[in-house]
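Undergrad: This is the structure I have questions about; it appears just below.
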Amino acid sequence: MTTLSRPARNIERNNWLSYLKKQYVDLIPPFIAIAIFLILWQLFSWTPGATLPGPIQVVQDTWKLILWPFYDRGGTDKGLFLQIWASLQRVAISYTLAAIVGIGLGILIGTSKLMSKALDPIFQLLRTVPPLAWVPISLAALRQNEPAALFVIFITAIWPILINTAVGVKQIPQDYNNVAKVLQLTRKEYFLNILIPAALPYIFTGLRIAIGLAWLAIIAAEIVMSGVVGIGFFIWNAYQNNNVSEVILALVYIGIVGLILDKLMCWLQTLILPEEQQ
């Protein structure tokens, strides 16, 4: 087993210190901004007539929820982690379906002018419908809360994936198509070696937008669907019981999860896309 020489160890230590220093410098502004926001929020909560609890009271009121996020008393009485986990499972199912269908339809529209002319007006009409407007339609059609929630997420997340994929396919340089004709590539070879690599940056843009919309849609769907375990129903139930502090805590958790989902998509994009295409 080889050991590093003293100069090599010094270089490694210096690189590590430089990395920590950079991370430290990058973290200072967000921490300062968050501290200022919390201070202003707390001062506002102390003003006469204020009904919104401050951060101190929120922590005091929700201390048990913060310390025990995994409790399960049956039914919808579960800890925040279990509520979020139930919502994430719904998002994962619907988002995966939206990605598969959206990319497939996007490629179809991007490669066929006839299909683009036929379907584009319908897609442009449907994509402007808010998530909450789909809730009564999905409940009337599917009759059950769980499938209805999955459909609301699916129909909300599919549009940015579909539209960005179609745009990416249409933006493939004509030179690439000419090369494919000269080399007499088969449909499969053209699809794998030219179409997908060229459209991939657009596809990832749609996927990143869609993951945020899917997370927003699940909250909206669960709020109006009674008896569904999830963070959205947790918020509505807390509001009905006048537990504003629990609502605020849930909003913080929702924001953190949304940020993590976006960062995961960014990380996945850096793994798959070449650096010059990012």
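Undergrad: How many of the residues in the stretch 219-252 are of a type in the set (D, E, K, R) and over 21 Å from the mean Cα position of the chain (by Cα)?
TA: Of the residues in that region, 1 qualify.
Undergrad: Let me ask something additional. What are the residues in the stretch 131-147 that are touching a residue at least 12 places away in the same chain (Cβ under 8 Å) and either among the hydroxyl-bearing types (Ser, Thr, Tyr) or in a loop (DSSP other than H, G, I, E, B) (or both), if any?
TA: Of everything in the stretch 131-147, just one residue is touching a residue at least 12 places away in the same chain (Cβ under 8 Å) and either among the hydroxyl-bearing types (Ser, Thr, Tyr) or in a loop (DSSP other than H, G, I, E, B) (or both), namely Ser138.
Undergrad: Report those helices (runs of 4 or more DSSP H) wholly inside the stretch 167-278 carrying at least 2 residues which are β-branched (Val, Ile, Thr), modelled with pLDDT of 85 or more and farther than 30 Å from Pro55 by Cβ.
TA: 196-224
Undergrad: Can you list residue pairs whose Cβ atoms sit under 8 Å apart, with the first residue in the stretch 40-54 being surrounded by 10 or more Cβ atoms within 10 Å (Cβ to Cβ) and the second being acidic (Asp, Glu)? Count only pairs 6 or more apart in sequence or on different chains.
TA: Close Cβ pairs (under 8 Å, with a partner that is acidic (Asp, Glu)) amount to Pro53/Asp61.
Undergrad: Condition first: surrounded by fewer than 19 Cβ atoms within 10 Å (Cβ to Cβ), part of a helix (DSSP H, G or I) and out of contact with any Phe, Trp or Tyr (no Cβ under 9 Å at 6 or more places or on another chain). Now tell me which residues in the stretch 68-94 satisfy that.
TA: Within the stretch 68-94, Trp85, Gln89, Ala92 meet the criteria.
The values are calculated or read from the model by the stated rules, or taken from the named source; none is laboratory data. Because the structure is predicted, anything quoted here is derived from the model rather than measured. Virtual Cβ from ideal backbone geometry, glycine too; neighbours counted across all protein chains shown.
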